[in-house]
Each structure stands twice: as C-alpha cells, then as structure tokens.
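First the structure, in the form of structure tokens, and then the observations on it.
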Amino acid sequence: MQLLILAMLVAGAAAAASEAEENRIYGGKNCDLGSRPFQAALMMDNRMYCSGSLVDRKWVLTAAHCRRDAKSVRVHLGDYDLKMNEGTEQIRGVKNVIVHPDYNRRPRDNDFMLLELDAPAELNNNVKTIGLATQCPTPGAKCTVSGWGTVTTPEQTFPNILQCADIYIVSQDSCNKRYKDLITENMFCAGVEEGGRDACQGDSGGPLVCDGRLQGVVSWGTAYCALKGLPGVYANVCKAAQWVTDNIRDKATK
C-alpha cells in the first residue's frame, strides 16, 4: 500500500501544488529560545495559518499563496509559544500587500509576497530582521527551516512552540527529476535523502535560513510530508532579492 501511495504521489506531482497542499515542520524539535528573532507568525482569528520573515522594520516576506484579507491578518513578531504571553511579542496589522508580479499559482512560480506592517517593529534581542540571500543555494549546504506547522502527517497536530529542522539543499537537476520538470529557476528543493524531516502543512511562507541569510520561503510539496526522495520545495530568495529591496526602497521614498 505504501508503494502504491508513493507511486501515486510521484505520478501526480503537479497536484502537489494544488490548494489542498498549499500550506506546507515535520521531524524537527523545539527551536532554541530566541534563535529565530526574524520569524513572524501570520494569524487570523487567533489562529496561525502561515509564517514569514521580518526583512525590514516594516516589512515581512512570506509566500504569495498565503494571501488573505489584509484587514483580518495580525502579524506576531517575537513569538515562540503561541499559547503563552511571554512578554516578547509585538503584534502588528497589515497596511499594504505586494504580491510578486510574476506569481503563478500553478506550479507556484515566484511564490513571494511582501506585507507592509502598520507600524515599524521595535528591534531588540527577540525581534530582529534577517538579510536576504543574494547568492543562489549551493547543493549540499546545511540549512534550517522553522515554523508552527503540523508535526505529524497525514493527520495534523499543531505545536504551540516554534519548531526547527536541519535539512540540506538538493541540486536543481535532482529536484526537477523528482518533480517531473515542475521546478523553475525561482524554486529549489531542500530536505534529507532518507526522509523524515520536512516543512509541512502550516509552515508556508516561513524561512529556510542558510549561513545566516534567508535563502528560501516554504512554498509547496507532497500531501504526505517528509517522504524519502521527495524533498520540500522553496521559493528561491536569491531570484527575488532585488524585487524585495526595490519595493521597500520605493515605499520608503513615497
């Protein structure tokens, strides 16, 4: 039965980018307290639905498929345990939403979105910005993905505490072979060859950090997370870094 499921997943790789699987940490552990001060939780009705990264005092970078009615979204900065008031949280509304002009829902090409906060973040030990990767990822590089997404699959169990997992960059050729040529230059794969560690439902928009810089944005993957030979797919920040920088600069001058 497991072989049948795996065959169906590979044959249906195009469906892996469908709406049912759009919210893509499985196999991780609690992040060290204060280790991800750039991580943002996107909340609606007091429930986390996506993550993001603080890339400027007034701007969060997330995935375009995380778009919701801006008036309903609250951005939590400096959060670690979503069920506790730790005294480190800063909550902001969303003033403006900018989706990448070349975003394509299928197969989630250029899956980037900027959220302009209604007030700047107050930077401190618990809330910091992260720099963007301008060099594209190197196969084999060790990186860390984080989020509050489900820690079980296919059933879903959402943790209160931010989860982290170390994974590795997969070459573009290998990534394309595994996903039937759905991978563009604006995406890349990351995971572990044996499976067991992956971003999962609820982690969308969150950060993949390599060598201290934001290298990827959690984008899409298979409905069953962390399968052997089927790594997660990330929006490739090096391809959008200039777009991010230009938009932040342009808004600052208006």
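Here are some notes:
- Restricting attention to the stretch 187-209, the residues being at negative phi and outside any strand (DSSP E or B) number 10.
- When Arg197, Arg213 are screened for being open to solvent by 10 Å² or more (accessible area, probe 1.4 Å), within 15 Å of Thr144 (Cβ to Cβ), in contact with a strand residue (DSSP E or B) (Cβ under 8 Å, 6 or more places away or on another chain) and at pLDDT below 95, only Arg197 passes.
- Pairs where the first residue, in the stretch 51-64, is closer than 11 Å to Ser204 by Cα and the second is modelled with pLDDT under 95 and surrounded by fewer than 24 Cβ atoms within 10 Å (Cβ to Cβ), C-beta under 6 Å, 6+ apart: none
- Restricting the stretch 228-254 to residues that are among the basic types (Lys, Arg) and over 22 Å from Cys143 (Cα atoms) leaves a set whose member that is modelled with the highest pLDDT is Arg249.
- Residue list for the stretch 132-157, restricted to those being within 27 Å of Tyr49 (Cβ to Cβ), part of a loop (DSSP other than H, G, I, E, B) and in contact with a helix residue (DSSP H, G or I) (Cβ under 9 Å, 6 or more places away or on another chain): Ala133, Pro137
- Considering residues of the stretch 1-30 that are more than 30 Å from Lys71 (Cα to Cα) and modelled with pLDDT of 50 or more only, the residue most open to solvent (accessible area, probe 1.4 Å): Lys29
- If only residues of the stretch 154-194 that are β-branched (Val, Ile, Thr) and open to solvent by 30 Å² or more (accessible area, probe 1.4 Å) are counted, the one that is farthest from Lys239 (Cα to Cα) is Thr157.
- Evaluated against (1) within 30 Å of Leu182 (Cβ to Cβ); (2) open to solvent by 30 Å² or more (accessible area, probe 1.4 Å); (3) not small (Gly, Ala, Ser), Leu132 falls short on exactly one condition, (2).
- Verdict on Leu208 being out of contact with any Asp or Glu (no Cβ under 7 Å at 6 or more places or on another chain) and at pLDDT below 95: no
The values are calculated or read from the model by the stated rules, or taken from the named source; none is laboratory data. This structure is a prediction, so every number in the text was calculated from the model and none was measured. Please note: Cβ atoms are built from the backbone with ideal geometry, for glycine as well, and neighbour counts cover all protein chains shown. We work out accessible area using only protein heavy atoms, side chains counted, and drop any ligands, DNA or RNA first. Shrake-Rupley method; radii C 1.70, N 1.55, O 1.52, S 1.80 Å.
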